[in-house]
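First comes the structure, then the notes that go with it.
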Amino acid sequence: MTPPRVPVHRARRRLVQLAVVALLSAFVVPVLSASPASASGPLRTHAAARGKFIGFAAATSPLANEAAYRTIAQTEFNQITAENAMKWDATESSDNNWNFSGADQIVAFAAANNQQVHGHTLVWHSQTPGWVQGLGATAMRTAMQDHIATLAGRYANNASVVSWDVVNEVFDENGGFRSSFWYNTLGQSFIADAFRYARAADPDARLCINDYNVEGINAKSTAMYNLVQSLRAQNVPVDCVGFQGHLATQYGFPSDLQQNMQRFAALGVQVRVTELDVRIVMPRTSAKDTTQATYYSNVVNACMAVTACAGVTIWGFTDKYSWVPDTFPSEGAALLYDANYQQKPAYTAVHNALDNGTSDTQAPSTPSNLTASGITSSSVNLSWTASTDNVGVAGYDILRAPGTSGGSFTQVGTSTTASFSNTGLSANTSYRYQVRARDAAGNTSSVSSTVTVTTTGGTGDTQAPSTPSSLAAAGTTSSSTNLTWTASTDNVAVTGYDILRAPGTSGGTFTQVGTSTTASFSNTGLSANTSYRYQVRARDAAGNVSAVSNTVTVTTTGGGTGGGCSVTATVQTSWNGGYVMQPVTVTNTGTSAITSWTVTFTLPPNHSLVGQWNGVISTSGGTATAKNAPYNGSLAPGASTTFGFQVARPNGDGNTAYGFTCTTP
Ligand code: G2I
């Protein structure tokens, strides 16, 4: 009874489509665009080159009536989702009274433009007519089956319609089932039933479960993960998971999006971003545009990095037609084009992410008004007017040349803001500075004007700081040690300490390995099973240097062969009856690569593991043992990986798992 997972005739149909895409890219694109596809070209060309789709949610009225809308719709995108036209209220407003006009219009447009259609959505609590909501259990299940059979069945043999959102938004924010009329009348069985009815109606379509606020790893996405895992274990035909992606710049980016997609992919499902938009608090500013552009590139990059991610659908493309202002009145401007169909930085960001940055050749503007202030005998503060860039300035390079002329400029530092403090200068000495800006694609601006600085001769202060004392080492591992000492005093002020190191327990010479402005320093990158000697000395602003401290000898621990590892665990979300620990970060602290790791930890009484990802966790009593997954056991020295898990606990119990230790064989 269970249909095959890779349906044969849809697979053949997709091959035909791919061939058509290849033909189109070969013949149509050069006509549409004067420059080579790799250097500019529409979004769909770059997405197709990476084996992904880039789509939009279509509104039927402008699709029928506005040339500007239609042109962008067909030029830029190779996938379409009906924003409203395939919903229940639009298609079957009363029992067995069907209206396919909007749905057919979108499917015809897609077919004419070689675009795939994702059907949205068969079973949802919203936009479902009252006649359905009021039915009793048996009649409601029959109505659901009829609706799915008729709507999905209508397009079952249509080559453009390749996938469906079967159920939409079935979870609440805590990871429980949403208390919808579906759930309240039928219980959770409506979900499996909907998928089975959809498979029967279109055996070839890819069947998705779709939701919002599931982009990051959290209680809701973990509930979805557990449901998909359990449905598939029961042969319920769930092929795909949709992350809607309704983001807002004021709430921050879900930085574990890629990792979240990856854990779903590991269940064997396709993943996709189904309804991406990034709203801002109005009004628009160029800073908000830049932040928004970053969110768009982050999402597209995450999809590009996950093989199982089929593509990204944006929930519209022009700010002229967006659901956002209707729902969030002070927010908006969430899409790639403004209301006049002008491309925004978000468009360029999506474009650059799709083509790996190869098409962004626009350099940031040149930093201006470079000025020096706060000049002492050993330091200067530089500031300048920030550059602008089509996709955002990533940072600045600080260049310095010796003297007032001649010599060459070399980079002495970088800054992500429009200021920089250069320290460690010699007294009574001249230097020239310039800065230049960089963007994320690596384009650099011209250099700014030059500012010349001459450090002061000092204050006549010739009194050196007192000698640092009681130098001691603690926390020595196979690759690092922590030094502390008693701070020096000075008639003016101590500005910092030089950290000196010699090899072995005797002989060799002390060379400077770092500086610190406090009375402590952590020296990393050491070799295992090796001895080192340390000394520190203090400096003041006039460049006076103290005598060196006592010497401390340190021998690092072993670990040269197997390597060692450390683990840190974070509670990401917790609620009355449970919590998610994510990320649990495992780091190779040794000096050679490791190929596996084991983390043990303790679960408090009556806590039980209900979900896990990126590791293999077993429990025995209260002791949990997590071993690496097949794909994240190998870690170079210093490298890290993460895993995570969800725990159920008694209501009112605030404890979480503890006692994490990491070992390598
Ligand atoms: O709410 C944003 C999306 C969340 N995920 C599921 C999506 O289906 C949903 O899309 C929105 C559409 O973008 C809106 O356009 O769903 C809304 C309905 O819940 C749509 O709004 C409705 C209005 O509420 C109706 O008043 C209007 O008649 O659009 C209808 C058609 O324009």
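The values are calculated or read from the model by the stated rules, or taken from the named source; none is laboratory data. None of the values given here were measured: they were computed from a predicted structure. All Cβ positions, even for glycine, are placed from backbone atoms using ideal geometry, and neighbour counts span all protein chains on display. Ligands, DNA and RNA are stripped out before the accessible areas are found, and what is left, the full protein with its side chains, is counted by its heavy atoms. Shrake-Rupley method; radii C 1.70, N 1.55, O 1.52, S 1.80 Å.
A few comments on the model shown:
- Of the beta bridges in the chain, as assigned by DSSP with both residues counted there, near 75 percent are antiparallel.
- Virtual spin-label span in nm between Met282 and Asn97, 7 Å along Cα→Cβ: 3.6 nm
- Kirkwood hydrodynamic radius (C-alpha pairs) into Stokes-Einstein, region 136-248, 20 °C and 1.002 mPa s, D in µm²/s: 147 µm²/s
- Cα gyration tensor shape of region 470-541, rounded if a/c is under 1.5, else prolate or oblate by comparing a/b with b/c: prolate
- Non-local Lys pairs in the chain, i.e. 8 or more apart or on different chains, that have alpha carbons under 29 Å apart: 12
- Rough spin-label spacing in nm, given labels placed 7 Å along Cα→Cβ, for Thr416 and Asp172: 3.8 nm
- When the alpha carbon coordinates of region 523-585 are projected onto the principal axes, the ranges are 60, 39, 15 Å, largest first.
- Only protein atoms count toward the accessible area here, which uses a 1.4 Å probe; on the chain, the carbon and sulfur part of that area reaches 52 percent.
- The convex hull drawn around the Cα atoms of region 35-121, when projected onto a plane and averaged over every direction, covers 6.1 nm².
- Span from the region 452-503 Cα centroid across to the region 276-312 one, whole angstrom: 45 Å
- The mean sequence separation of alpha-carbon pairs under 8 Å and at least six residues apart, normalised by the residue count of the chain, gives a relative contact order of 8 percent.
- Its relative contact order, with pairs defined as Cα atoms under 8 Å and 6+ residues apart, puts region 40-120 at 31 percent.
- Inter-site label distance for Thr553 and Ala233 at 7 Å from Cα along Cβ, in nm: 5.9 nm
- Placing a label point 7 Å from the Cα of Ala629 along the Cα-to-Cβ line, the residues of region 237-270 whose backbone N sits under 20 Å from it are 238-244, 254-270.
- Cut-off under 5 Å, modelled amide H: who pairs with Val513 long-range: Ile499, Leu500, Arg501
- Under 5 Å, built H, 5+ apart or other chain: amide partners of Ser522: Leu483
- Stokes-Einstein diffusion coefficient of region 543-637, Kirkwood radius over Cα pairs, 25 °C, 0.890 mPa s, in µm²/s: 151 µm²/s
- Both radii are taken from the alpha-carbon atoms of region 293-346; with Rh as the Kirkwood radius, Rg/Rh is 1.04.
- Each distinct pair of alpha carbons in region 337-438 adds a 1/r term; the inverse of their mean, the Kirkwood radius, is 15.7 Å.
- Taking Lys and Arg as +1 and Asp and Glu as -1, the other residues whose beta-carbon sits under 15 Å from that of Phe177 total -3.
- Whole-number percent relative contact order across region 528-616, with pairs defined as alpha carbons under 8 Å at least 6 apart: 23 percent
- Solvent-accessible area per residue in the chain equals 41 Å², computed with a 1.4 angstrom probe and all protein chains kept.
- Here the Karplus relation 6.51 cos²θ - 1.76 cosθ + 1.60, evaluated at θ = phi - 60°, turns the backbone of region 406-414 into coupling constants of x, x, 10, 7, 10, 6, 10, x, 9 Hz, with x for every Gly and Pro.
- Total charge dipole magnitude, the chain, about the Cα centre, Cβ charges on Lys, Arg, Asp, Glu only, Debye to nearest 20: 1400 debye
- Across every pair of non-identical alpha carbons in the chain, the mean reciprocal distance, once inverted, gives a Kirkwood radius of 29.1 Å.
- Chymotrypsin sites (Phe, Trp or Tyr not before Pro) within region 571-665: DSSP coil, no more than 15 neighbouring Cβ in 10 Å: Tyr631
- Peptides 447-453, 281-287 ordered by average Cβ neighbours within 10 Å, highest first: 447-453, 281-287
- Against the rule of thumb 2.2 N^0.38 Å, how large the Cα Rg of region 110-163 comes out: 1.38
- Of the DSSP H helices in the chain, those whose Cα atoms cover at least 15 Å axially and whose Kyte score averages 1.0 or more: 101-112
- Global size of region 250-364: 14.6, 43 Å for Rg and Dmax (C-alpha atoms, Rg to one decimal, Dmax whole).
- Full extension of the chain between Asn428 and Ser368 gives 18.9 nm of extra length, using 0.36 nm per residue less the Cα-Cα distance.
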